[in-house]
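Asker: What follows is a single structure, and I will ask about it in a moment.
The values are calculated or read from the model by the stated rules, or taken from the named source; none is laboratory data. A quick note: this is a predicted structure, and the numbers were derived from the prediction, not measured. Note: ideal-geometry Cβ built from the backbone for every residue, glycine included; neighbour counts use all protein chains shown.
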Amino acid sequence: MNSTSAPPRNAWEELVTVALLGTDRRPAPGPAAGREAPVALLDAAAVETVRRRAGVRPARAAVRPEPAAPDPRPPLPPAAARRLAQLLADRPGAGGGGRRGTAPDLMELLPQWLALANACGLAAPPEALPALLDTARGRTDLRPAALAFAGPRALWLARLNPDWRFALRAAPGGGADLPGPQEADRIRRLWQEGLFAERVALLTGIRAQEPAAARELLETTWATERAEDRLMFLDSLRTGLGSDDEPFLERALTDRSRNVRATAAELLSALPGSALAARMADRAAACVAVDRTRDVPTIVVEAPHECDAGMERDGVAPKAPAGRGERSWWLGQLVEATPLAAWSARLGGRSPEEIVALPVADDWQGELNAAWCRAAVRQGDAGWSRALLGSPSATEAAGPGAVSLAERAKLLGTLDAGERAEWVAGFIAAHGLSEAFQLLGVCAVPWAPALGGAVVDALNIARDAGSYPWSFSGVMGLAERCLSPAEAARLDALTATPEEQEDASPGAGGYWSEAFQRLVTTLRLRAAMEEELRS
Amino acid sequence: MVGPTFDDMTQQGVRWTAEQVLALAPDAASRKAGSKLGAAGPWSEAGSSDEGTVWGLCKGSGSKPYQTVIDVADSSGPAYKCSCPSRKFPCKHALGLLLLWAGDDGSVARAQPPDWAEQWITGRRRRAEEKRTTTGAESGGTSGDPEAARRRAERRAERITAGATELEQRLSDLLRGGLAAAEQAGYGLWEETAARMVDAQAPGLAARVRELGAIPGSGPGWPVRLLEECALLHLLDQGWLRRERLPDGLAATVRSRVGLPGSADGPPVRDHWLVLAQYDTADARLTTRRIWLYGAESGRTALLLSYGAAGRPPELTLPMGLAFEAEVSSYPGAGQLRASLGQRFTAPEPAAVRPPGVTPAQAAARYGEALRDDPWLDSVPVTLSRVVPAPDGDSWQLSDADGDMALPLSLSARSRPGLWRLVALSGGAPVTVFGECGHHGFTPLTAWPEGAGDAVGLC
């Protein structure tokens with residue numbers, strides 16, 4: 001190597017230029033010392049390269065991020081942290097796939113794990129946050145629980161990575177960005193200058209804590225909001241709805257936008273004491289009566305003949321959807337918005353059960369029952385729900401009116417968890433599992449012992465009947481997530497492959513045994529998860 | 001951990017963590033399949049013995065369950081045996097069983113091994129014992145005809161010299177015509193030259209030549225990088241052609257950089273070695289696994305290399321964060337950290353050892369000094385203490401918590417998911433980071449929180 005004394009500053013740039021053009025076109029700088037030009041160039045470049053690399057110096061530090069807010073929650077026990085890593089590693093797209101066999105579906109257990117961890121008040125391990133945020137990004141249903149568990153550091157991370165911006169929008173109360181209820185100035189400024197999503201988050205956040213303050217905030221700018229925005233803002237008043245809101249909602253009944261009017265009317269009708277509810281009750285009462293002149297007291301219906309301006313103002317949609325008679329359409333809306341308590345007085349002091357049991361003249365029964373169902377759900381009336389649901393063991397046709405499964409599921413939502421589980425257990429005992437999926441979906445997790453027992457019995461009956469387990473895959477999946485882990489021991493007996501019966505589907509026994517094994521494995525895993533979190 | 005677990009720990013060493021088990025998986029599909037089997041459901045008669053044997057029966061699709069048995073205590077790494085037909089190694093059953101064992105929920109109870117597991121273990125240990133005695137007897141014996149070996153080495157050196165001379169000629173031609181012209185010539189030129197170097201039995205030169213071919217397409221600033229790499233290749237050629245005149249250490253470095261196989265004939269260093277990091281890089285021909293070790297007593301950092309051909313995982317697996325007692329011998333060459341793993345005395349176990357750290361400024365200086373021994377070095381392993389990951393424009397840097405200096409992250413580190421694990425671990429507070437520091441920037445591989453806490457893998 002030619003050792004050269006320190007070359008001028010731009011020596012390296014000069015070497016690069018010569019190299020680019022070639023030594024035939026441009027002579028190399030520096031002494032060639034009897035060497036060919038390209039060799040001399042390579043010699044000099046080698047010295048410079050090593051010199052440059054050896055002289056690498058650290059850079060000036062950029063502005064460091066503000067440290068994340070501390071997470072006061074206690075850390076996860078080590079076993080629970082490992083479990084979380086395992087559940088997150090099972091994300092779709094993380095490889096694998098295919099038939100499940102007897103192995104539990106880990107991803108499906110994540111919601112439960114998160115709920116448990118949140119209930120225990122434990123902090124997420126920081127290194128797991130990226131995987132957790134990526135998972136929550138792909139699954140909106142997981143976001144609230146995932147973000148609650150992820151804690152303040154996840155919001156800190158979300159500000160640094162655009163992929164995780166959703167966390168800032170979706171965080172409870174909008175995250176640390178949103179002002180608290182005491183910061184009046186910041187609230188006002190954000191309300192007046194914020195983006196639509198920020199404003200919705202702000203309004204929802206305040207409404208959850210101080211319903212009146214949220215309504216007052218909304219009223220400050222109500223007149224100047226765009227119609228779509230008014231609709232969204234009005235919708236956020238659903239939480240914490242109370243009689244205080246009535247004057248505002250009454251004014252909204254005269255809104256320029258029909259959708260806003262309809263929503264205001266809907267909200268008012270959910271307030272049984274409101275003037276709108278009383279007006280609707282008057283109208284409905286004029287249409288429905290008990291005819292005592294018949295052999296058996298019978299409900300007779302005289303649907304409204306027109307949808308007058310008053311009805312329209314109170315949110316009745318005048319135009320019926322295609323295929324529906326407009327008179328029955330109007331009737332349905334009136335009954336739906338009428339406080340249920342008004343019917344007892346109107347129909348001879350009868351209880352909900354007695355009313356529902358009355359015969360209805362001229363095929364109006366379906367219409368009337370459907371409207372009462374909607375009213376019971378909207379007003380959260382357990383008494384009427386009970387009457388409309390009837391006995392769980394009654395056959396479909398003999399049940400009180402033609403109440404569909406979807407309506408039953410909604411009605412069940414108004415009952416308390418214990419009563420709900422009992423009703424569904426009764427339904428499954430009488431009708432089996434084929435129609436139970438929707439109803440099971442509204443039951444509290446883990447399932448109450450009676451309900452769990454009914455489901456396991458029904459699965460056992462289905463297996464003995466010789467059908468394939470995938471006809472019940474929906475219920476099986478629910479059972480894996482919702483059955484109490486305490487049932488695992490009882491299920492063990494079912495995991496054996498039974499003798500093939502003559503009338504059974506070929507191989508069904510093996511598949512059932514596999515399905516039950518997966519169920520038992522998943523229940524054990526859930527028990528282990530809970531144990532890990534509580535240790 | 002409570003109750004019986006503590007008892008287990010004292011009897012048979014600490015159980016591994018799930019991550020450490022999953023690090024044994026040969027690929028992502030196995031990792032996933034193994035995770036699914038890491039629950040009690042399909043397993044029966046699972047147990048473990050005080051001697052470090054874990055066994056169990058796993059129900060598969062057939063009528064007869066698979067028999068899986070693992071020897072975790074073997075000092076040369078875990079050994080597996082499973083009656084399943086899978087050619088993956090370890091198979092998903094072995095991984096699942098280890099996970100179950102690691103999960104420690106009582107489903108792998110301490111017990112006497114059943115006959116089928118006992119037979120395998122005994123056979124295995126007997127064979128290992130025999131092997132140890134035979135190799136002990138044979139070492140120093142027949143290493144071939146020394147005269148013939150010398151002649152073979154001479155012939156190879158002549159071929160390499162011819163290759164290096166030819167390469168010098170090609171580099172000269174390249175710079176005579178200019179690098180701008182080389183951009184148009186494209187990849188073919190380099191592929192052909194690389195093939196010539198393979199013929200010349202100089203795989204180190206061939207690999208460098210092949211890399212030159214990729215530089216013109218590597219984005220802005222490529223002429224600088226191409227000139228640098230051409231110049232370093234020239235330096236290596238010249239080093240080889242004049243190796244007799246170089247100091248011994250540097251000559252050995254040149255020999256190993258050119259691609260002559262060395263043997264790890266350094267004195268064996270017995271130490272408590274912490275696995276700092278393990279990561280794979282793969283091209284179409286070869287998977288290369290790098291394992292960084294830190295000796296708790298010697299303070300030495302050593303690099304173990306392991307190779308797997310065409311898509312197969314390298315054999316050696318040492319889960320990050322574990323430490324074990326073993327002998328390590330270094331390869332020849334000044335500034336070379338490569339070593340080979342000799343006898344292992346204990347199985348890898350979780351350890352609280354952390355390597356001591358330096359500041360970003362010291363780390364940069366350390367790389368500069370290392371170039372004195374090996375000017376072809378791309379990076380040196382360094383542990384940084386009290387650094388904060390901070391965004392810097394489109395990039396990130398590790399910034400000295402107690403100063404105003406920072407090391408920029410390398411381009412490859414910026415796009416890895418490990419970056420976000422590092423950022424999340426820090427949360428804006430100082431962390432300790434082990435990684436590779438060089439002219440590309442810093443590539444973080446492992447991090448530790450400021451307070452107590454386990455190592456977090458970033459690669």
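Asker: Given (1) assigned to a helix (DSSP H, G or I); (2) in the same structural domain as A:Pro339 (by TED's automatic domain parsing), identify the lone condition not met by A:Asp245.
Answerer: If we test A:Asp245 against (1) assigned to a helix (DSSP H, G or I); (2) in the same structural domain as A:Pro339 (by TED's automatic domain parsing), just (2) comes out false.
Asker: Continuing with this model, one more query. Considering only residues that are surrounded by fewer than 18 Cβ atoms within 10 Å (Cβ to Cβ) and either on the phi > 0 side of the Ramachandran plot or in contact with a Pro (Cβ under 9 Å, 6 or more places away or on another chain) (or both), which ones fall in region A:359-371?
Answerer: The initial filter retains those residues of region A:359-371 that are surrounded by fewer than 18 Cβ atoms within 10 Å (Cβ to Cβ), namely A:359, A:361-363, A:366.
The answer is A:Pro359, A:Asp362, A:Asp363.
Asker: Only one residue in B:Arg366, B:Arg372, B:Arg354 is away from chain A (no Cβ under 14 Å), at pLDDT 90 or above and either within 16 Å of B:Ala296 (Cα to Cα) or part of a helix (DSSP H, G or I) (or both). Which one? It would help to see each step written out before you state the result.
Answerer: Details: B:Arg366 fails: away from chain A (no Cβ under 14 Å); B:Arg372 fails: away from chain A (no Cβ under 14 Å).
B:Arg354 is the lone residue from the list that is away from chain A (no Cβ under 14 Å), at pLDDT 90 or above and either within 16 Å of B:Ala296 (Cα to Cα) or part of a helix (DSSP H, G or I) (or both).
Asker: Could you pull out the residue among B:Arg270, B:Arg243 that is within 25 Å of B:Arg289 (Cβ to Cβ) and either basic (Lys, Arg) or modelled with pLDDT under 95 (or both)? First the steps, then the outcome.
Answerer: On the way: B:Arg243 fails: within 25 Å of B:Arg289 (Cβ to Cβ).
None of the other options fit; the residue is B:Arg270.
Asker: What single numbered condition from (1) within 13 Å of chain A (Cβ to nearest Cβ); (2) touching a residue at least 60 places away in the same chain (Cβ under 8 Å) fails to hold for B:Gly249?
Answerer: The one condition B:Gly249 does not meet is (1).
Asker: Restricting to region B:167-178, what's the tally of residues that are under 15 Å from B:Thr193 (Cβ atoms) and at the interface with chain A (Cβ under 7 Å from one of its Cβ atoms)?
Answerer: Taking region B:167-178 as the starting set, the residues that turn out to be under 15 Å from B:Thr193 (Cβ atoms) are B:167-175, B:177.
Cutting the leftovers down to at the interface with chain A (Cβ under 7 Å from one of its Cβ atoms) gives us B:171-172, B:175, B:177.
Qualifying residue count, region B:167-178: 4.
Asker: Conditions first: (1) at pLDDT below 90; (2) facing chain B (nearest Cβ under 8 Å). A:Ala6 passes all but one, so which condition is the exception?
Answerer: Only one criterion in (1) at pLDDT below 90; (2) facing chain B (nearest Cβ under 8 Å) is unmet by A:Ala6, namely (2).
Asker: When residues of region B:428-440 are filtered for being within 25 Å of A:Arg159 (Cα to Cα) and surrounded by fewer than 24 Cβ atoms within 10 Å (Cβ to Cβ), how many remain? Give the derivation first.
Answerer: In the first step, residues of region B:428-440 are kept if they are within 25 Å of A:Arg159 (Cα to Cα); the result is B:428-433.
Retained after the next criterion (residues that are surrounded by fewer than 24 Cβ atoms within 10 Å (Cβ to Cβ)): B:428-430, B:432.
Count: 4.
Asker: To continue, here is another question. Which members of region A:261-284 meet the condition of being of a type in the set (S, T, N, Q) and in a helix (DSSP H, G or I)?
Answerer: Matches in region A:261-284: A:Thr263, A:Ser269.
Asker: Please specify each residue of region B:236-246 satisfying the condition of being surrounded by fewer than 22 Cβ atoms within 10 Å (Cβ to Cβ) and closer than 24 Å to A:Ala11 by Cβ. Explain how you work it out, then say what you get.
Answerer: Narrowing region B:236-246 to residues surrounded by fewer than 22 Cβ atoms within 10 Å (Cβ to Cβ): B:238, B:241-246.
Scanning region B:236-246 gives a single hit, B:Gln238.
Asker: In the list B:Gly106, B:Gly96, which residue meets the criterion of being modelled with pLDDT of 85 or more and either under 12 Å from B:Trp43 (Cα atoms) or not polar (S, T, N, Q) (or both)? First the steps, then the outcome.
Answerer: Details: B:Gly106 fails: modelled with pLDDT of 85 or more.
Going through B:Gly106, B:Gly96 in turn, the sole match is B:Gly96.
Asker: Further, regarding this structure: Among the candidates A:Arg261, A:Arg283, single out the residue that is assigned by TED's automatic domain parsing to the domain that holds A:Gln209 and buried (at least 17 other Cβ atoms within 10 Å of the Cβ). Lay out the reasoning, then the answer.
Answerer: Numbers: A:Arg283 fails: assigned by TED's automatic domain parsing to the domain that holds A:Gln209.
Matching residue, one of A:Arg261, A:Arg283: A:Arg261.
Asker: I would also like to ask the following. Collect the residues in region A:457-481 that are within 26 Å of the chain's Cα centre (by Cα), within 21 Å of A:Ala430 (Cα to Cα) and surrounded by 18 or more Cβ atoms within 10 Å (Cβ to Cβ), keeping them in residue-number order.
Answerer: A:Phe472, A:Val475, A:Met476, A:Leu478, A:Ala479
Asker: Which one is farthest from the other protein chains (Cβ to nearest Cβ) among residues in region B:414-459 that are small (Gly, Ala, Ser) and touching a Leu at 6+ places or on another chain (Cβ under 6 Å)?
Answerer: Step one: of region B:414-459, the residues small (Gly, Ala, Ser) are B:415, B:418, B:424, B:426-429, B:435, B:438, B:441, B:447, B:451-453, B:455, B:457.
Narrowing further to those that are touching a Leu at 6+ places or on another chain (Cβ under 6 Å): B:418, B:424, B:435, B:441, B:447.
Details: B:Gly418: 9, B:Ala424: 4, B:Gly435: 14, B:Gly441: 9, B:Ala447: 8 Å.
Step by step, filter region B:414-459, then rank; the result is B:Gly435.
Asker: For residues in region B:347-393 being crowded, with 19+ Cβ neighbours inside 10 Å and of a type in the set (S, T, N, Q), which is farthest from the chain's Cα centre (by Cα)?
Answerer: B:Thr359
Asker: Another one. Within region B:181-212, how many residues are within 28 Å of the chain's Cα centre (by Cα), within 25 Å of A:Glu14 (Cα to Cα) and surrounded by 19 or more Cβ atoms within 10 Å (Cβ to Cβ)?
Answerer: 3
Asker: Could you say which residue among B:Gln278, B:Gln336 is surrounded by 20 or more Cβ atoms within 10 Å (Cβ to Cβ) and modelled with pLDDT of 90 or more? Before you say what the answer is, go through the steps one by one.
Answerer: Details: B:Gln336 fails: modelled with pLDDT of 90 or more.
The match here is B:Gln278.
Asker: Among the numbered criteria (1) over 18 Å from A:Gly441 (Cα atoms); (2) assigned to a helix (DSSP H, G or I); (3) at pLDDT below 85, which single criterion is violated by A:Phe472?
Answerer: (1)
Asker: I'd like the residue in region A:251-260 that is in contact with a helix residue (DSSP H, G or I) (Cβ under 7 Å, 6 or more places away or on another chain) and in a helix (DSSP H, G or I) and, out of all such residues, is nearest to A:Pro272 (Cα to Cα).
Answerer: Here the answer is A:Ala252.
Asker: Hey, another quick one. Anything in region B:42-56 that is in contact with a strand residue (DSSP E or B) (Cβ under 6 Å, 6 or more places away or on another chain), assigned to a loop (DSSP other than H, G, I, E, B) and farther than 30 Å from A:Ala515 by Cα? List them, or say none. Outline the logic, then answer.
Answerer: We begin by selecting, within region B:42-56, every residue in contact with a strand residue (DSSP E or B) (Cβ under 6 Å, 6 or more places away or on another chain); these are B:42-48, B:53-56.
Now drop any that are not assigned to a loop (DSSP other than H, G, I, E, B), which leaves B:42.
Within region B:42-56, none qualify.
Asker: Give me the residue from region B:375-394 that is within 9 Å of chain A (Cβ to nearest Cβ) and over 17 Å from B:Gln336 (Cβ atoms) and, out of that set, modelled with the lowest pLDDT.
Answerer: For region B:375-394, the residue satisfying everything is B:Gly393.
Asker: Show the residue pairs meeting these rules: Cβ distance below 9 Å; 6+ apart or different chains; first residue within region A:409-433 and within 24 Å of A:Trp470 (Cα to Cα) and not assigned by TED's automatic domain parsing to the domain that holds A:Pro392; second residue assigned to a loop (DSSP other than H, G, I, E, B) and of a type in the set (Asp, Glu).
Answerer: Qualifying pairs under 9 Å: A:Phe427/A:Glu435; A:His431/A:Glu396.
Asker: Quick check, is A:Gly315 over 30 Å from A:Arg256 (Cβ atoms) and small (Gly, Ala, Ser)? Working first, answer last.
Answerer: Working: over 30 Å from A:Arg256 (Cβ atoms): no; small (Gly, Ala, Ser): yes.
Taking the combined requirement at face value, the residue does not satisfy it.
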